[in-house]
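S.K.: Quick one: the structure is below, and I'll ask about it shortly.
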Amino acid sequence: QVSTGWPQLDRLLYGGFSRGELNIFAGGSGSGKSLVMMNIALNWVQQNLHGVYITLELSEELTGLRTAAMLTNMSTKDIRKDKETASLKIKMVGKKAGSYQVKALPAQSNINDIRSYLKENEIQTNRRVDFIMVDYLDLLMPVSAKVSPNDLFVKDKYVSEELRNLAEELNVLFVTASQ
């Protein structure tokens, strides 16, 4: 078990998340799924884990800005005004932490696009990831079956199975979200 960094959630999960499993946060639009995922990712980075946050909805810039705000306790407005201070604060956190890469992929990407990015990231960093966050499941398409994008239940079933298989194959912590 790997702690989420939140003792109350860890108790409900009998210690935290496990490698090789798919964990899904479900909620309505604007309910905070992405923010929960970002916070857990940053908690794992502070546990010296290495990971990627794949966004299929927001830009890398906005996702990175939100992450920087969480790390520095600065507002996004203040970060834009004083990039030097924000950068210094992030470097200070980074000295005693793991790593975190934000990558935007287009909506309608699939598991092979994610796998390809992970391999590219591993080659560039010379490091395998400990965790993967995908924001979010509903925007992925399955590889294993031709499914109409309009048949959301069936599409998401196949995508979920593929994501779980990837988590198991790579033996990583894996978190995604769904509306």
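S.K.: With the requirement that a residue be in contact with a Gly (Cβ under 9 Å, 6 or more places away or on another chain) and within 17 Å of LEU163 (Cα to Cα), what does the range 26-52 give you?
M.R.: Selection gives GLY51 alone.
S.K.: Pairs under 6 Å by beta carbon, first residue among the aromatic types (Phe, Trp, Tyr) in the range 125-138, partner part of a loop (DSSP other than H, G, I, E, B) and at pLDDT 95 or above, six or more apart or different chains?
M.R.: Going by the 6 Å Cβ cut-off, the qualifying pairs are PHE131/LEU49; PHE131/VAL172.
S.K.: Sticking with this structure for a sec: Say we look at the range 123-161 and pick out the residues that are within 16 Å of the chain's Cα centre (by Cα) and acidic (Asp, Glu); which of these is farthest from SER18 (Cα to Cα)?
M.R.: ASP138
S.K.: Follow-up. Take VAL147 and tell me if it is part of a loop (DSSP other than H, G, I, E, B), among the β-branched types (Val, Ile, Thr) and either modelled with pLDDT under 95 or open to solvent by 30 Å² or more (accessible area, probe 1.4 Å) (or both).
M.R.: So VAL147 passes the test.
S.K.: Any idea which of (1) surrounded by fewer than 18 Cβ atoms within 10 Å (Cβ to Cβ); (2) assigned to a helix (DSSP H, G or I); (3) touching a residue at least 24 places away in the same chain (Cβ under 8 Å) is the one ALA167 doesn't satisfy?
M.R.: Evaluating ALA167 over (1) surrounded by fewer than 18 Cβ atoms within 10 Å (Cβ to Cβ); (2) assigned to a helix (DSSP H, G or I); (3) touching a residue at least 24 places away in the same chain (Cβ under 8 Å) leaves (1) as the failure.
The values are calculated or read from the model by the stated rules, or taken from the named source; none is laboratory data. Bear in mind that the values here come from a model prediction, so they are computed numbers and not experimental data. Because the Cβ atoms are built from the backbone with ideal geometry, glycine has one as well, and the counts that use them run over all protein chains shown. When the accessible area is computed, the model is the full protein with side chains, heavy atoms only, and any ligands, DNA or RNA have been set aside. Shrake-Rupley method; radii C 1.70, N 1.55, O 1.52, S 1.80 Å.
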